[in-house]
């Protein structure tokens, strides 16, 4: 048999206060959950439109509005690179990134001849375009004039054969004068960028070209591979040439759109994958191992600036014992003796 006791006014007030605290906490939790869902929905919309998440934009705006000395910047530049940029009057603002994880649709190839795998080539080029666009947005939000030392990385995951991941990381910089309307991107190192600008050129932007080429293994290829004599695998050499030409054509088209006069620091990446064909019928090609050749080219588009010098003198980096700065000294007769 239970014992019932009437609560005192103090106990009823304490119980009511606990109920109000629980209700306030529940309302705050629900509000934060709704805000988090809204941000996730907005981030998804932004990514679908080629933009960047809200959190990244807030972080970059904070860096852009910070006063000198309030925030510590981050950079992947070496001390020598940072010193040369500083000598040209450029200030490192911080790291900026661009990334894209892209789904590859169903790819088709011919069982009778070599051909370009348009689905894969298009996926690589579009994923790179989205990643480069997002890095440009981050550089613009941080009020940068450009990005130096962009590192380009492209990955095909084993756990997702139909997925491509493109990652870009670089250091945003700001110059002493008014910058361009749109920040430029460059995969050149700090030393390479300094030499380029000193010679009277300016970077325009990052350009690229990807091509995936299907190589159909023929009976003659099998005979050549089993031969006892040295000889060229002409079929593979021809496929590599075709793949490189198409990737280079894409790169040149992007450079022309940017009004560039050339492309510097072009880097190549090549990947060869073994595949098998499937289909109806008894085609002997279904029993052989074929290959997908993926060739990627990335470089910095450049053009001549208005201060192109008539001649460029050779320089030697000299470490000053007075203030510890790294100086670029013209190596001319009579200036100094170097050993």
Discussion item. Calculate log10 I(q)/I(0) of the stretch 160-219 for q = 0.17, 0.19, 0.20 Å⁻¹, where I(q) comes from the Debye formula with a single equal point scatterer on each Cα and nothing for solvent.
Written reply: -0.78, -0.89, -0.95
Worksheet item: Where does the chain land at 222 nm, in deg cm²/dmol rounded to the nearest 500, when only DSSP H runs of n ≥ 4 count, each adding -39500 (n - 2.57), divided by all residues?
Response: -12500 deg cm²/dmol
Worksheet item: Label points 7 Å out from Cα along the Cβ direction at residue 64 and residue 34: separation in nm?
Response: 3.0 nm
Fill in: Calculated on alpha-carbon atoms, Rg and Dmax of the chain in Å
29.2, 112
Discussion item. Can you classify the stretch 1-137 as rounded, prolate or oblate using the Cα gyration tensor, where a ≥ b ≥ c are the square roots of its eigenvalues, rounded means a/c under 1.5, and otherwise it's prolate if a/b beats b/c and oblate if not?
Written reply: oblate
Worksheet entry | Radius, Kirkwood style, for the stretch 114-211 when every pair of distinct Cα atoms is counted (Å) | 14.9 Å
Item to complete: Report the calculated FRET efficiency for residue 289 and residue 45 (r = Cβ-Cβ distance, R0 = 41 Å), to the nearest 0.05.
Response: 0.40
Worksheet item: What whole number of Å gives the distance from the Cα centroid of the stretch 149-208 to the Cα centroid of the stretch 264-283?
Response: 28 Å
Worksheet, complete the sentence: By Cβ neighbour count within 10 Å, fewest first, 215, 302, 54 rank 54, 215, 302
Fill in: Principal axes of the stretch 84-142: Cα extent on each, largest first, Å
59, 22, 12
Fill in: Full-extension gain in nm, residue 118 to residue 87, via 0.36 nm per residue minus C-alpha separation
6.6 nm
Worksheet, complete the sentence: Percent relative contact order for the chain, counting Cα pairs under 8 Å at least six residues apart, stands at 16 percent
Worksheet, complete the sentence: Here the FRET efficiency for residue 111 versus residue 249, based on Cβ atoms and R0 = 30 Å and rounded to 0.05, is 0.70
Worksheet item: Which value in nm describes the separation of the simple spin-label points at residue 103 and residue 23, placed 7 Å from the Cα toward the beta carbon?
Response: 4.5 nm
Worksheet entry | Residues of the stretch 169-195 with amide N under 12 Å of a point placed 7 Å along Cα→Cβ from residue 269 | 169
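Any read-out appearing in this document is the output of simple, stated calculations on the displayed coordinates, not a laboratory observation. Bear in mind the structure is a predicted one, so any value in this text is a computation, not a measurement. We place every Cβ from the backbone using ideal geometry, glycine too, and count neighbours over all the protein chains shown.
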